[in-house]
Amino acid sequence: MPDGAPLLKPRTLRDPAALVEAGLVPPGAEPALRRVAEHFAIAVTPAVQALIDPADPADPIARQYVPDAAELVTLLAERSDPTSDAPFTPVKGVVHRYPDRALLKPLLACPVYCRFCFRREVVGPDGGLLTEAELDAALDWFAATPQVKEAVLTGGDPLMLSPRRLAYIVRRLSAIPHLDIIRLHSRVPVAAPERVNEALVGALESEKALFLCVHANHAREFSPAAKAGMRALTRGGVALLGQSVLLRGVNDSAQELENLFRAMLASQVKPYYLHQLDRAPGTARFEVPIAEGRQLLRQLRGRVSGLAWPTYVLDLPNGAGKAPLGPDFAQEAAQAWLIDGPLDHAQHHYPVRKDDAQEAEF
Ligand SMILES: *Cc1c(COP(=O)(O)O)cnc(C)c1O
Ligand code: SF4
């Protein structure tokens, strides 16, 4: 660097021209990506940039965050709002679909914009921050709804709030007697780990059981800075869970999934859900068929710690809920169960217990 040159602070790349300049997409791709950018937000943070190898055209980090012209094509099977939040919104910012828990979405901004996101049509840098009055109305709804025992903060990404506003929300929720659990879902610990500072950890202090579900899809996302942030969170009393999406070209092999779940556990992150891709517009290139997903998880059973095993789920369209997709190891047969052995890969015959089948009496 020449003497006296200003030290350029790395910045978040937010448009196709910046991606070209950073060498993440070829100049010829810019016009098509400008059209993508009209529909879907773009953000690649410095922490994410540092993980990308621009010389690798199949880089699993780039694939998650760098836009692609394929996003301009919406297939018939793809739908906006694939999980149908809209009909389950009693007040702005709240989604109440399961009896005992409800989502609170205080903003729709994220540190990065994942190309496979199921909320991709609503998330963005300038959208969705609840006003103070709207936030208070949403918090009042939680206080007035005693069957709800768990508040799930999502968005957008709740760790994009200022620590002051986040602390306010956690304090208000903590004061509601019928709430037992506060849960947050966030990409910040891997995508913008510099935000995980003392003020943020302090904002999450609560008398209630507090879980932070970290969204990560590849082992390499666990950078030294990300790991340091997660350590600070666990020291601060936050229980960490992991949430991933099964993605073609990112984690679609038993080895990559093993690496990912091992990286999570090494940071005291318990893999919670592996999501089947939601069919949001322009995301077809990421889909791994369910049969293949079940096969991948089957290969992992027995090979990795039971702690590493997530529940593989599909969020059904029309708000019908998240359904586990297996794989299952047990099949019912006549008077017996046929059970696949995770270690010997053989089928075992396990008879149904019969009360009259006494062999001996003592
Ligand atoms: C996923 C989701 C939840 C949380 O479901 P869990 O299975 O408890 O993780 C709650 N509400 C809505 C609307 C959801 O989509
Ligand atoms: S961080 Fe979550 S909500 Fe935001 S773009 Fe990624 S998947 Fe979507």
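The values are calculated or read from the model by the stated rules, or taken from the named source; none is laboratory data. What you see is a predicted model; the values in this text were computed from it and never measured. Note that each Cβ is placed from the backbone with ideal geometry, even for glycine, and that neighbours are counted across all protein chains shown. Heads up: the accessible areas ignore ligands, DNA and RNA and are worked out on the full protein's heavy atoms, side chains in. Shrake-Rupley method; radii C 1.70, N 1.55, O 1.52, S 1.80 Å.
The Kirkwood radius of segment 144-240, taken over pairs of alpha-carbon atoms, gives through the Stokes-Einstein law at 37 °C and 0.692 mPa s a diffusion coefficient of 241 µm² s⁻¹.
Amide H contacts under 5 Å for Lys270: Leu240, Leu241, Gly242, restricted to partners 5 or more places along the chain or on a different chain, H placed in the peptide plane at 1.01 Å from N.
Accessible surface comparison of Arg164, Arg120, Arg298, probe 1.4 Å, protein chains only, largest first: the order is Arg164, Arg298, Arg120. A cut-off of 5 Å between modelled amide H atoms, ignoring neighbours fewer than 5 places along the same chain, links Lys322 with Leu316.
In a shell of Cβ-Cβ distance under 9 Å around Ile61, excluding Ile61 itself, what net charge do Lys and Arg (+1) and Asp and Glu (-1) give? Counting the neighbours of Ile61, the net charge comes to -1. Ligands, DNA and RNA excluded, the heavy atoms of Trp337 present near 90 Å² of accessible surface to a 1.4 Å solvent probe. Looking at segment 1-158 alone, DSSP beta bridges between its own residues are antiparallel in about 50 percent of cases. Using Cα atoms only, what is the angle between the long axis of helix 163-174 and the major principal axis of the chain, expressed in degrees (0 to 90) to the nearest 10? Around 30 degrees separate the two axes. Using the Cβ-Cβ distance between Arg262 and Asp56 with R0 set to 22 Å, the FRET efficiency from 1/(1 + (r/R0)^6) comes to roughly 0.50.
Cα extents for segment 185-228 along the principal axes, largest to smallest and rounded to whole angstrom: 33, 18, 12. Scanning residues 5 or more positions from Thr311 or on other chains, those with amide H under 5 Å from its amide H are Tyr273, Leu274, with H placed 1.01 Å from N in the peptide plane. Per the Debye calculation on segment 53-194 with a single equal scatterer at every Cα and no solvent contribution, log₁₀ I(q)/I(0) for q = 0.13, 0.15 Å⁻¹ amounts to -0.64, -0.81. Surface listing: Asp136, Asp157 arranged by accessible area from highest to lowest gives Asp136, Asp157, probe 1.4 Å.
Each distinct pair of alpha carbons in the chain adds a 1/r term; the inverse of their mean, the Kirkwood radius, is 22.2 Å. Between the alpha-carbon centres of segment 31-53 and segment 189-216 there is a gap of 25 Å. Relative to the longest principal axis of the Cα atoms of the chain, the long axis of helix 30-39 lies at roughly 70 degrees. Entry comment: accessible area of segment 86-324 is 39 Å² per residue, from protein heavy atoms only and a probe of 1.4 Å.
Karplus-derived 3J(HN,Hα) values for segment 17-26, using 6.51 cos²θ - 1.76 cosθ + 1.60 with θ = phi - 60°, are 4, 5, 5, 5, 4, 7, x, 8, 9, x Hz; glycine and proline are entered as x. Seen through its C-alpha gyration tensor, with square-root eigenvalues sorted a ≥ b ≥ c, segment 297-336 comes out oblate because a/c lies at 1.5 or above while a/b is not bigger than b/c. Computed over neighbours whose Cβ is under 15 Å from that of Pro99, the net charge equals +1, Lys and Arg +1, Asp and Glu -1. Separation of segment 222-236 from segment 266-328 is 25 Å, based on Cα centroids.
Axis of helix 290-300 versus longest Cα principal axis of the chain: the two differ by about 70°, to the nearest ten degrees. The listed residues His178, His39, once ranked by accessible area (1.4 Å probe) with the largest placed first, stand as His39, His178. Using DSSP, restrict attention to beta bridges with both residues in segment 86-324 and report what percent are antiparallel, rounded to the nearest 5. Taking every DSSP beta bridge within segment 86-324, about 20 percent pair in antiparallel fashion.
For segment 181-330, the fraction of C-alpha pairs more than 19 angstrom apart is 54%. If you count Lys pairs in the chain whose Cα atoms are under 21 Å apart, skipping same-chain pairs closer than 8 places in sequence, the total is 10. Shown for the chain: the carbon plus sulfur share of the solvent-accessible area, taken with all protein chains present and a 1.4 angstrom probe, equals 55%. Each stretch of four or more DSSP H residues adds -39500 (n - 2.57); spread over every residue of the chain, this sum gives -7500 deg cm²/dmol at 222 nm.
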